[in-house]
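S.K.: The structure's right below; bear with me while I get my questions together.
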Amino acid sequence: MTSEPASEAPGRVYLVGAGPGDPGLLTLRAAELLARADVVVYDALVSPQVLDRCPPDAERVYVGKRGGEHSRTQEEINALLVELGRRHAAVVRLKGGDPFVFGRGGEEALALVEAGIPFEVVPGVTAGVAAPAYAGIPVTHRGITASVAFATGHEDPDKPGSHLDWDQLGRGVGTVVFYMSVGRMAANFDRLVAAGRSPDTPAAAVEWGTYPRQRVVQGTVSTLPARVAEAGIGAPAIVVVGDVVGLRERLAWFESRPLFGRRIVVTRARAQASDFAAALEALGAEVLQFPTIRIVDPADREPLRRAAAEADRFDWIVFTSVNGVARYWSALRESGLDTRALAGVSLCAIGPATAAAIEMEGARPDLVPERYVAESVLEALEREADLRGARILLARAETARSVLPDTLRERGAEVVEVAAYRTVPDGAEAQELKTLLRDGAIDMVTFTASSTVRNYVDVIGSDVGRAEVASIGPITSATARELGLPVHVEAAEFTIPGLIRAIR
């Protein structure tokens, strides 16, 4: 739905539905608009992962409401959108769920029309459909009900009477889905019963629907209010009334995932954490990203550039990480060369992820050891080649262990070590994590390298509370134990997929 500009001056305001919480439910159009937004005006229930799609320099304006407290009134939000629409080319008004389903998007659109500001509406997945679906409750089902009504459970307290047709909700609709209704559930259910709905009708409340912290309480119209109060269910929550609730026992797919409800900290550098975090989330975990390190260029890149420019002078190039591969090929291109410069040079990758990174650059590793540690690299090289007189380049982290180059030199090889990258501490949001650990709100902390362990201990300390510690392999585990961290889970295969399997 798009309005035409009333004048040439204004930009455009996009009223965008962010969906119910799970960032995977964001629409393609919404993602496209966020990626080029100048300003994003967002609500309380918008996922931080959705906001991460905004450009780094985009202005972010919070206008949410939590616990009944408004950061701005609706009239102030309307005026803000008009003002921003006059000053910026692309303003995204990001609303939880769908902007036109109990989102007051219609009021904002009317304000823009009156001000002559062009706008576009981008529908989102509404919580009234998504939360029941994630709870295993279809709002319609052949043979059970062919009708569904979406109703607010908290009408405008300033208006007289009710705009809801309670007689229709009580007797004429198969499924009733209430938004914003936990606080007034008992009163709303009394009106349903008075209008003809059986007190024995199945009912359920879904708190934080589509989030890993989702909780569901079931009962009937007569019992659910007390059960919800006992369980401490609060906003945000969707309440479903109807016989379709009885299907949940067989269809509850979301909560049956192996890591559902587990809160797991990922300490990997943010630029590399996305696949790891996504895999854990797909298994049901709530992932908190706390990158203890950032990957940056070495203090002096000249040795790496020189080694790349002289690629054909080496018999072997050994890569011990994906980062090393990326930085080396970058230096290769800076020297005016490409993968063809490596013709005649043998390549060794410490593991499958590093090997895959090499293949992405158009080369194929000649050697991948069976075990993904430096000692196995040495053993594999000794089996594969005569090391006496061999010229070997190691492109790796600035502060890597010395065991591999030292032993290669003992075997007669000429070893050139260059720093391809370095890791620096990244302790943002440390206080929040300390609080969560102290409160026992973290189930597991994961480490993918010794550097993440060292920086974690520097920032947080060695007390992980009741959380378990998961390590990618024996070297990382040894560092953890040396610094006072217990290790409860260790990957048998020293890769991210191996760590995920161990965590499962």
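The values are calculated or read from the model by the stated rules, or taken from the named source; none is laboratory data. In this text, all values refer to a predicted model and were calculated from it rather than measured experimentally. Virtual Cβ from ideal backbone geometry, glycine too; neighbours counted across all protein chains shown. Each accessible area value is taken on the protein alone, full model and side chains, heavy atoms only, with ligands, DNA and RNA left out. Shrake-Rupley method; radii C 1.70, N 1.55, O 1.52, S 1.80 Å.
S.K.: What nm distance separates the two modelled labels at Asp439 and Thr145, each placed 7 Å from Cα along Cα→Cβ?
M.R.: 3.5
S.K.: Working from the pairwise distances between different alpha carbons, so that the mean of 1/r is found and then inverted, what is the range 193-232's Kirkwood radius in Å?
M.R.: 10.9
S.K.: Counting only protein heavy atoms and using a 1.4 Å probe, what share of the accessible area of the range 456-504 belongs to carbon plus sulfur, as a whole percent?
M.R.: 47
S.K.: Under a point-charge model restricted to the Cβ atoms of Lys and Arg (+1) and Asp and Glu (-1), what is the dipole moment magnitude of the range 425-504 relative to its Cα centre, in debye to the nearest 20?
M.R.: For the range 425-504, the charge dipole is close to 180 debye.
S.K.: Any idea what the dipole of the range 336-463 comes to, in debye rounded to 20, about its Cα centre with Lys/Arg Cβ at +1 and Asp/Glu Cβ at -1?
M.R.: Roughly 300 debye for the range 336-463.
S.K.: Multiply the residue gap between Arg294 and Arg411 by 0.36 nm, knock off their C-alpha separation, and tell me the result in nm, one decimal place. Write out the running numbers ahead of the final one.
M.R.: On the way: separation 117, 0.36 × 117 = 42.12 nm, distance 3.45 nm.
The span from Arg294 to Arg411 would gain 38.7 nm if fully extended.
S.K.: How would Met180, Met360 line up by accessible area, probe 1.4 Å, largest first?
M.R.: Largest accessible area first, the residues go Met360, Met180.
S.K.: Among DSSP bridges having both ends in the chain, what percentage is antiparallel? Round to the nearest 5.
M.R.: Numbers: 24 of 76 bridges.
So the antiparallel bridges in the chain amount to around 30 percent.
S.K.: Using only C-alpha positions, report the orientation-averaged shadow area of the convex hull of the chain, nm², one decimal. Please report the intermediate quantities before stating the final value.
M.R.: Numbers: hull surface 115.5 nm².
Result: 28.9 nm².
S.K.: Under a point-charge model restricted to the Cβ atoms of Lys and Arg (+1) and Asp and Glu (-1), what is the dipole moment magnitude of the chain relative to its Cα centre, in debye to the nearest 20?
M.R.: For the chain, the charge dipole is close to 560 debye.
S.K.: Could you tell me what percent of the accessible area of the range 88-221 is made up of carbon and sulfur, with a 1.4 Å probe and every protein chain present?
M.R.: C and S fraction of accessible area: 55 percent.
S.K.: Spin-label point model (7 Å from Cα, Cβ direction): what's the Asp366 to Glu75 distance in nm?
M.R.: It is 7.7 nm.
S.K.: Calculate, in nm to one decimal, what His154 and Asp167 gain on full extension: separation in residues at 0.36 nm each, minus their alpha carbon distance.
M.R.: The span from His154 to Asp167 would gain 2.9 nm if fully extended.
S.K.: Starting from the 7 Å offset along Cα-to-Cβ, what nm value, one decimal, do you get for the label separation of Arg305 and Leu483?
M.R.: 3.3
S.K.: Quick check on the chain: helices-only [θ] at 222 nm, where DSSP H runs of length 4 and up contribute -39,500 (n - 2.57) each and the sum goes over total residues. Nearest 500, please.
M.R.: After summing the helix terms and dividing by the residues of the chain, the value is -9500 deg cm²/dmol.
S.K.: Each residue of the range 274-281 in order: what ³J(HN,Hα) in whole Hz does its phi give by Karplus 6.51 cos²θ - 1.76 cosθ + 1.60, θ = phi - 60°, with x for Gly and Pro?
M.R.: Once θ is set to phi - 60°, the couplings for the range 274-281 become 4, 5, 4, 4, 4, 5, 5, 5 Hz.
S.K.: Now for a separate question. Once Lys and Arg get +1 and Asp and Glu get -1 on their Cβ, which of Thr223, Val182, Thr423 lies farthest toward the positive end of the dipole of the chain?
M.R.: Result: Thr223, furthest along the dipole toward the positive end.
S.K.: Here's something else I'd like to know. Report the FRET efficiency, 1/(1 + (r/R0)^6), for Val193 and Glu249, where r is their Cβ-Cβ distance and R0 is 30 Å, rounded to 0.05.
M.R.: Calculated transfer efficiency: 0.80.
S.K.: Starting from 0.36 nm per residue, how many nanometres of slack lie between Ala35 and Ala341 once their C-alpha separation is accounted for?
M.R.: Between Ala35 and Ala341, full extension yields an extra 106.5 nm.
S.K.: Given H placed 1.01 Å from N in the peptide plane, which residues other than close sequence neighbours of Glu286 have an amide H under 5 Å from its amide H?
M.R.: Those qualifying (amide H under 5 Å, at least 5 residues apart or on another chain) are Gly261, Arg262, Arg263, Ile264.
S.K.: Could you order peptides 94-101, 256-263, 43-50 by the average number of other Cβ atoms within 10 Å of their residues, highest first?
M.R.: Ranking, from highest mean packing down: 94-101, 43-50, 256-263.
S.K.: Can you give me the long-range amide H partners of Ala18? Hydrogens built in the peptide plane at 1.01 Å from N, cutoff under 5 Å, separation of 5 or more residues or another chain.
M.R.: Lys95, Gly96, Gly97
S.K.: Based on the Cβ-Cβ distance of Arg388 and Ser462, what FRET efficiency does E = 1/(1 + (r/R0)^6) give at R0 = 45 Å, to the nearest 0.05?
M.R.: 0.55
S.K.: With a/c under 1.5 counting as rounded, go ahead and sort the range 425-488 into rounded, prolate or oblate using the C-alpha gyration tensor (a ≥ b ≥ c being the square roots of the eigenvalues; past the cut-off, prolate if a/b is larger than b/c, else oblate).
M.R.: Oblate, since a/c reaches 1.5 and b/c is not below a/b.
S.K.: Now, a different point. Averaged per residue, what accessible area in Å² does the chain show with a 1.4 Å probe, protein chains only? Mind showing how you got there, number by number?
M.R.: Working: 23130 Å² over 504 residues.
Per residue, the chain has 46 Å² of solvent-accessible surface.
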